[in-house]
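What follows is a set of notes on a single structure, which appears directly below.
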Amino acid sequence: MEINWSAVLGIVFTPVIAFLVGVTYGGLTRRITARIQNRFGPPFYQNILDIIKLYSKESNINHGVMQHLGPVFAITASVTTLFFIPVIKDSPVFTNFSFNGDLIFLLYIMVFGSLGMALGAGQTGNPNSAIGVSRGLSQLVGYEVPFVMALVAIMVQFQTTSLNDLLAVQDHFTKWIIFQSPFAFLAAILAFLGMMGYAPFDVVIAPAEIASGPPSEFGGKYLGLMLTSRSIFTFAKLVLFTDIFLGGAHDFITLIIKTFILYMIPVLTGIVFPRFRTEQSIRFFWSWPLFFGILAILVVVF
Amino acid sequence: MINMNKNLYNENQTIEEIKNTFHTAEIKLQRESRIIVKLRSDLIPPFLSYAKNYLAFNHLAHFSCVDWIEDNEFELVYLLYSYEKNIVVIAKTRISRDKAEFVTIKHLWRQAETYEREIHEMFGINFTGNDRLNEFILEDWDDIPPMRRDFNTIQFAKDNFYTRPGREDAQDVRETITKKSGEKIPDFAKEFSVRNLK
Amino acid sequence: MFNDKEASKIVDIIKNFARKHSLWVVAYGTGCGAIELPPTMTSRYDAERFGIRGSATPRQADVLLITGYLSVKTLKRVIRTYEQMQEPKYVIGFGSCTINGGMYWDSYNTIKALDRYLPVDVYINGCMPRPEAVISGFIKLQQLISEGKADGAKRYRENLEWYRENQRKVIKNWRMPEYNW
C-alpha cells in the first residue's frame, strides 16, 4: 500500500499550526482590547500559558459520561472541520481531505461541536449551563440562516459545492467572490460576527450574568480542551472564509494577513459594542443579514 | 438648636394637629423638620394610621429599636416622612423588657414586615400578627439576641472565635517607633498611651 | 538524554511558570474589600498585565480572594467555594479583618483569624489595602508558586481534621453537602 506522506504530514501539522495561530490571535485580541481600554494588557502568549496551566490542573469532578465527552466532541468537531478545509491553495501538504461537495458537509460538521458542548453542559446539571445552552442554540439558529443563504447563493452562482472549485475560480484578485458576490459576503460576515461569539453576540458565555454559561461547571483539563478547541475552530472558520471569499492563500504569510484582517472584524466590533440579548441578536440576524442573503440569491437567479 | 428665622409653619401645624388628636402625646420639635412624638404603646397603631392617612406621612423611612436596660424597657422608634411637608416624624414608644411583645404594623406598610423580622432577630421582640418572624440574617443562632445589651459581645467573641495574640513589640505603636528611631513621645501623646490607659 | 527525575523537574518548571503567570481569581466578594478589585482589574492598575484575571465560577479558578471580614454565614459559603475549586488552588487573605479581626475584633458574628478555617498562602494587610498592595500580594504569591512554596491545598488535605474541627466549632448547624472533590 502506498502511503501519501505529504498528506500525513499535513494531517499532523495542520492542527498544530491551527492551534498556535488561533491561540496567538486570542492573545493578541486580549492585548488589542487592553490597548483600546487604555490598559497595558497581557503578553501575546498569555493564552498559551493559560492553556498550559489548565492542562496541569487536577480535575476530579464527575457528573456523568457526557460531561467527560462534551469537550472531546468539541475538539473533534474543530479538528474535523479543519481537515476538510484546504488551508493552503494547491499545496499537496495542506489541502487535507477536501473533496467535491464539502461545503454542505462543512455546514453540518460546524454545528457538531456546539451540540456536543450542549450535551456535555447539560449533563453537569448546573442551571447556568442550561441557560447558556438554550441561549447558544437559539443564537445558532439565528446566524445559521443568513450563513446558509450566503453559501447557497455562492453555490448557485458558481454551480459547485466544492471548496477547491471555488478556489480555482478565484485565480486573480479581481475575481475574488467578495467582489463577484458582495451581498453574499455581507450576509456571511454578519453571520460570522455571531459565529465568533464576541460582543454583541456573547450572551451565551456572559460571565457576570450566568457565570460563563455552558462551561461553568468545567474546570482544569476540560476547560483547557475547550479553549484549545476554540482556538482551532477560530482558525478553521477564518480559513474557510478566506477560501470562500478572499481567494485562499498560496503561502502562510498571505494566509496570516488575510485571516488576521478577517479576524479583526468581529474583535473590533466586539470591543465597542455592548451585549445583545438573545431575542435581540436573533432579530438582528433575521433582519439585515437575512435580507442580504436573499438579495444575493435574487441577484444570482435573475 | 432651632433656627427661629426659618419658616416653621408646617412643623407647627403638624404639632398642633397631633396635639389635638392625641392629648397624651409628648411632642418636641427637635429642629426644623424633625418632630419627636412620644406615645403610650397602645396608641402607636392608631397614631401611625392617623399620620399616614390624615397627615400624609406616607413613607415609613425606618423602624428601629433601642434597649434601655436600666429602665427595663425597649424603645421602638418609627421614622415617618412626608413628601408634601418635608418633615420627619419620629414616633417613640416604650414596651416592657420582660414581656417583649408588640403588634405588627405590616398592614400599614408592607416593608415593616422586614424591619420587624430584623428586630425580632436582633432584640427578640415578638410582633403579633407578623407570621414571617423566622430566621433572617443570623444563621443557626442559639444564644440570646445579640443586640440586647445584656448580651456580652466581647465575651462571646472570645469564647467562640480564636483571637490571634498580638506581637509583643507592637502593643503600643508609639513606643515601638520611639525605641527604633530614638525619638521621645511628646507629653500630650503620653496620656493616651495604652500602658497608661491600663 | 534526561532521566525521570530531571524530566519531571523540567515539567515542574514549565508548570510553575504557567501557573504563576495565569492566576484566575474567583469573583466572590465577601467583605468591603471587594470594592478594591474593580480598580485593580481595570485600566488604572491593570492586573491583567500579570495574567491575573477574573473567572466566573470556582471550578475554573485558581485563587480565592477573601476580601475582608467573614461572617459565619459567609464562611460557610466560602468553605464550599474553596472545596469546589480544583487543585492547585491558593487563598489570599485580604485586609486586617482576615488577619486578626480588624475593626470587627469584638463582633459576635465574624471570625477573626482566617487561617484557622482555610489554608492561607498570602496575607495582604491594610484596611483597606490599596490596589498597589493587592498587586504586590499577587506578586508575592507568584514568587511562592515559582519556589513551590504555595502549598495551601496540600496543607488543607493533610490537616483536614483540624480545619474541620475549627469550622464545625463556628458553624453550629453543619449541613454541608458531600462533594466529589
Do you know the Lys pair count in the range B:9-163 for C-alpha distances under 19 Å, with sequence separation 8 or more or different chains? 14
So, in nm, how far is label C:D4 from label C:K149 when the simple model puts each one 7 Å beyond its Cα toward the Cβ? 3.0 nm
Residue order, fewest to most surrounding Cβ atoms within 10 angstrom, among B:T163, B:T93: B:T163, B:T93
Net charge, B:N10 excluded, C-beta distance under 9 Å - Lys, Arg +1, Asp, Glu -1: -1
Inter-chain Cβ neighbour average for residues B:134-144, partner chain, 10 Å: 3
What lysines sit close enough to C:K15 to cross-link, taking a C-alpha to C-alpha distance under 25 Å and skipping anything fewer than 8 places away on the same chain? A:K53, A:K57, A:K221, C:K5, C:K89, C:K140, C:K149, C:K154
If you average the alpha carbon positions of the range A:257-299 and of the range B:88-103, how far apart do those two centres end up, in angstrom? 64 Å
Gyration tensor verdict on the range A:5-301 (Cα atoms; rounded if a/c is under 1.5, prolate if a/b is larger than b/c, oblate otherwise): prolate
Given labels modelled 7 Å from the Cα in the Cβ direction, how far is it in nm from A:I257 to B:L43? 9.1 nm
For C:K172, counting only aspartates and glutamates whose alpha-carbon sits under 16 Å away and dropping same-chain residues fewer than eight positions off, the answer is B:E135, B:E139, B:D140, B:D142, B:D143, B:D159
Does the range A:153-302 classify as rounded, prolate or oblate by the C-alpha gyration tensor (a ≥ b ≥ c root eigenvalues; a/c under 1.5 gives rounded; else a/b over b/c gives prolate, otherwise oblate)? oblate
How far apart, in nm, are two points set 7 Å out from the Cα along the Cα-to-Cβ line at B:S96 and at A:V156? 9.1 nm
Efficiency by 1/(1 + (r/R0)^6): what FRET value for B:T178 and C:C32, r their Cβ-Cβ distance, R0 = 35 Å, to the nearest 0.05? 0.60
FRET efficiency (A:I294, C:W162; Cβ distance; R0 56 Å; to 0.05) is 0.20
Net charge of Cβ neighbours under 13 Å - reference A:M195; Lys, Arg +1; Asp, Glu -1: 0
Taking the beta-carbon count within 10 Å as an exposure proxy, list C:D106, B:D142, C:D12, C:D46 from fewest neighbours to most. B:D142, C:D12, C:D106, C:D46
Number of partner chain Cβ atoms within 10 Å, mean per residue of A:152-160: 0
Within a Cβ distance under 13 Å of A:V204, other residues only, what is the Lys/Arg minus Asp/Glu net charge? +2
May I ask you to derive the FRET efficiency for B:I36 and B:V103 from their Cβ-Cβ distance with R0 = 30 Å, giving the value to the nearest 0.05? 0.90
Quick note, chain B: a/c under 1.5 would make it rounded; otherwise a/b > b/c is prolate and the rest oblate (a ≥ b ≥ c, C-alpha gyration tensor); here it is oblate
Listing A:S78, A:S181 from the residue with the fewest other Cβ atoms within 10 Å to the one with the most, what is the order? A:S181, A:S78
Spatially proximal aspartates and glutamates relative to C:K20 (Cα-Cα < 15 Å; intrachain offsets below 8 disregarded): A:D50, C:D12, C:E48, C:D62, C:E87, C:D121, C:E147, C:D151
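All of the numbers you see were taken from the coordinates with simple rules; none came from a lab. Predicted model, so just to flag it, every value in this text is computed and none were measured. As a convention, Cβ positions derive from the backbone with ideal geometry for all residues, glycine included, and neighbour counts pool all protein chains shown.
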